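Have a look at the structure below, then the notes.
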Amino acid sequence: MKVFIAGIDGYLGWALAQYLTARGHEVAGMDRFLRRQWVEEVGSYSAIPVYSMEERLLAFRQRYGTPLNFREGDLLDYEFIRGFLADFQPDAIVHLGEVPSAPYSMIDQAHAAFTQQNNVVGSLNVLWAMKEVCPDAHLVKLGTMGEYGTPNIDIPEGFFEIEYRGRKDVLPFPRQANSFYHLTKVHDSNNTVFACKTWGLAATDIMQGVVFGTQIDEMGDDPRLLSRLDFDQCFGTAINRFACQAVIGHPLTLYGAGGQTRGFLPMRDSMQCLTLAIENPPAPGEYRVFNQFEECYTIEALAYKVREAAEAVGLETEIYHYDNPRTESDHHYYNPDRQHLIDLGYQPTHDVVAEVRIMLQDLLPHKERIYAKYDILVPDIRWNGGRHRSHRIDEAVPSA
Ligand code: USQ
C-alpha cells in the first residue's frame, strides 16, 4: 500500500516509516521539524541523539534499499499538503503531525492558541486536501485516550448506546479532555466525523494511550535510524521520563498521589496497531474509533516497575511524590475497552519491565547527556496558570 505519514520526523513517525517499509509498503512523508524546535524551546533535547533529516534519509536508503519520499513543509500551508497528496495519491494517510503535549499547551495563552491553531487547522487542511485530491484514501488520525478524560463509568470505543426519556440512540461517548492540547484532539474528532458523514471520507480515529520505549527491531543498530526519546516535562511521557530519571539517579517524579490510571503501550505495539488499522481500512464514509493501549496501570505502579527494571541493571532508584502541577484526579475509576484492535489480530507485548530494561540499556550510553539536564526534571508548568517548581510532598517511597 502507499502510505503517507504527516509528522514523519517525530517519535512515532520515524519509527512507523521504517516499520511499514520493512513490510513492503511504499512510504512518503512530510515534516517541518517543529518537534525539534519545541523541545529546544523548553530547554531540553532528545536523550538519544537525533540526526539531521539528510543523514536519516541516507541511512534509510542504505538499510531498506529504497529512498524515502520526503518533503519539508507545514500542514498549515494548504497548497503544500494538497500538492504532496495529489502527487503521491496515498491509500492511507497517517496523521501524526500535531503538537503532542498537554503541558506545552498550558504554558500560557500564546502556547494554548498555538497548539489549538496548529492542530485543529492542520487536521482540517488534511481533511480538505483528502476531499479535493484523494477522496478514496483512508485517514488514520492519531487521537488520544485523553479525549475521554476519566469518567466514573466504562469507556467504550468512541460510541455507546444510550437510553434517555424512553428513546434510544448510539451516540459519541462524552469527551472530557483535561488540557488545551487534549481538547484539540476532541475538535479534530468532531471535524473528522463531519467530513466522513458529509464527503464520504473513510477514517480511523486512534485513541492512543501513553507510548513508551526507545526502539523497534527494524531500526537495527544504526544510530541514525533511532527515534528521538524526550524526557523534559512537556514532551517526555511518564515512563520515558522515569527511565531517563532512573539512568541518572534522579528520583522518579510521581505527580500527586500517583493513582492516575492510564492506558500504556510500548512503541512496538503502537507500530503493530497502526499497521493493523492501515491494512484493514474502513468502508468509504465510515468513521471508526480504536482505543489503542496495551494495559492500564496507575502511575505509581509504573514507577515501581521502572524501579524493578532499574534494579535489575544495577541502578538504585528512589520514588518521590511531588505536588501535582496538573489539575487532574489522582484516584479514579478507569476501565476502557480495546476490543477493535484485538479483533484485527493485535497481540499485546505484555511485559513492561522487559521493555523498560531495553530502554535503560539504550539510555545508559547517554547518561552524561541526560544528566546535563538534571535541573529541568521537576515540573513547573501549572494547570492553574503561572510557573513554579513542584515540591516534594512526602518522604521517598520505601523499597517494596
Ligand atoms: N506524570 C507523573 N510524573 C511525570 C509525568 C507524568 O506522575 O513525571 C503523570 C501525569 O500527571 C499524568 C500521567 O502521568 O497523570 C500521564 O502523563 P504523560 O505526560 O505521560 O501523558 P499525557 O500528558 O497524558 O500525554 C501523553 C502524550 C499525549 C497523548 C497522551 C495519551 O504526550 O500526546 O495524547 O499521553 S493519554 O494520557 O492516554 O491521554
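Coordinate-derived values only; no laboratory data. All figures in this text were calculated on a predicted structure; none of them were measured in a lab. Note that we place each Cβ from the backbone using ideal geometry, even for glycine, and neighbour counts take in every protein chain shown.
Is segment 159-307 best put as rounded, prolate or oblate by its Cα gyration tensor, with a ≥ b ≥ c the root eigenvalues, rounded for a/c under 1.5, and otherwise prolate when a/b is larger than b/c, oblate when not? It is oblate, given that a/c is not under 1.5 and a/b is not larger than b/c. Note that segment 192-231 carries a Kirkwood radius of 13.6 Å, evaluated over its alpha carbons pair by pair.
Report, in listed order, any pair from 2/185; 2/141; 168/197 with a Cα-Cα distance greater than 18 Å. Each step should come with its number before you reach the end.
Numbers: 2/185 25 Å; 2/141 16 Å; 168/197 21 Å.
2/185; 168/197, as the Cα separations exceed 18 Å there.
Taking amide H as placed 1.01 Å from N in the peptide plane, the amide H of residue 73 sits under 5 Å from that of 31, 32, each at least 5 places away or on another chain. Applying 1/(1 + (r/R0)^6) with r as the Cβ-Cβ distance of residue 131 and residue 54 and R0 = 41 angstrom yields a FRET efficiency of 0.75.
Annotation: lysines with alpha-carbon distance below 22 angstrom to residue 305 (same-chain offsets under eight excluded): 367.
Can you give the Rg to Rh ratio for segment 1-124, taking only C-alpha atoms and Rh from Kirkwood?
Values: Rg = 15.0 Å, Rh = 15.3 Å.
That ratio equals 0.98.
Spacing of the modelled spin labels on residue 23 and residue 301, each 7 Å from Cα toward Cβ, amounts to 2.8 nm.
Remark: segment 322-328, residue by residue, has Karplus-estimated 3J(HN,Hα) of 10, 4, 6, x, 9, 8, 7 Hz, where x stands for each Gly or Pro and the curve is 6.51 cos²θ - 1.76 cosθ + 1.60 at θ = phi - 60°. Subtracting the Cα-Cα distance of residue 347 and residue 222 from 0.36 nm times their residue separation leaves 42.3 nm of extension gain.
About its Cα centre, how strong a charge dipole does segment 9-54 have in debye, to the nearest 20, once Lys and Arg get +1 and Asp and Glu get -1 at the Cβ?
Numbers: 4 positive and 6 negative charges, 26 e Å.
My answer is approximately 120 debye.
Over the chain, DSSP H runs of length four or greater, each weighted -39,500 (n - 2.57), average out per residue to a 222 nm ellipticity of -11000 deg cm²/dmol. GNM on the chain, alpha-carbon springs under 10 angstrom: the most fluctuating residue among 62, 260, 116 is 62.
For residue 93, the residues whose amide H sits under 5 Å from its own are 4, 138, 139, 140, ignoring neighbours fewer than 5 places away on the same chain, with H placed 1.01 Å from N. If r is the Cβ-Cβ distance from residue 163 to residue 87 and R0 is 30 Å, what FRET efficiency results, to the nearest 0.05? It comes out at approximately 0.05.
Taking segment 279-378, which chymotrypsin sites (Phe, Trp or Tyr not before Pro) meet the DSSP loop condition and have no more than 11 other C-beta atoms within 10 Å? Before the final figure, lay out each step's value.
Numbers: sites: 287, 290, 293, 297, 304, 320, 322, 333, 334, 346, 371, 374; in loops: 293, 333, 334, 346.
Counting only loop positions with at most 11 other Cβ atoms within 10 Å, none of the chymotrypsin sites (Phe, Trp or Tyr not before Pro) in segment 279-378 qualifies.
Amide hydrogen proximity for residue 155: with H placed 1.01 Å from N in the peptide plane, the residues at 5 or more positions away or on another chain lying under 5 Å are 335, 337. The GNM of the chain, with springs linking C-alpha atoms under 10 angstrom apart, assigns the highest mean-square fluctuation among 77, 108, 343 to 343. This model, with +1 at the C-beta of Lys and Arg and -1 at the C-beta of Asp and Glu, gives segment 46-184 a dipole about its Cα centre of some 160 debye.
Could you tell me how far the Cα centroid of segment 286-338 sits from the Cα centroid of segment 33-100, in Å? Taking the Cα centre of each part, segment 33-100 and segment 286-338 sit 29 Å apart. Taking the chain as a Gaussian network of alpha-carbon nodes connected by springs under 10 Å, the highest mean-square fluctuation of the residues 149, 314, 209 belongs to 314.
Expressed in units of 2.2 N^0.38 Å, where N is the residue count, the Cα radius of gyration of the chain is 0.95. Inter-label distance, residue 72 to residue 286: 4.0 nm, where each label sits 7 Å from its Cα along the C-beta direction. Whole-Hz Karplus values for segment 380-386 come out as 9, 8, 10, 5, 8, x, x Hz, taken residue by residue from phi with 6.51 cos²θ - 1.76 cosθ + 1.60 and θ = phi - 60°; glycine and proline positions read x. In this label model, residue 312 and residue 109 are separated by 5.0 nm, measuring between points 7 Å along each Cα→Cβ vector. Sequence-ordered 3J(HN,Hα) estimates for segment 239-244 from the Karplus curve with 6.51, -1.76 and 1.60 and θ = phi - 60° stand at 5, 4, 5, 4, 5, 5 Hz, glycine and proline given as x.
To the nearest whole percent, what portion of all C-alpha pairs in segment 106-187 is separated by more than 21 angstrom?
The calculated P(r) of segment 106-187 puts 47 percent of pairs beyond 21 Å.
Would you please classify the overall shape of segment 304-375 from the alpha carbon gyration tensor, given that a ≥ b ≥ c denote the square roots of the eigenvalues, rounded means a/c under 1.5, and beyond that prolate means a/b larger than b/c while oblate covers the rest? Cα axes put segment 304-375 in the oblate bin.
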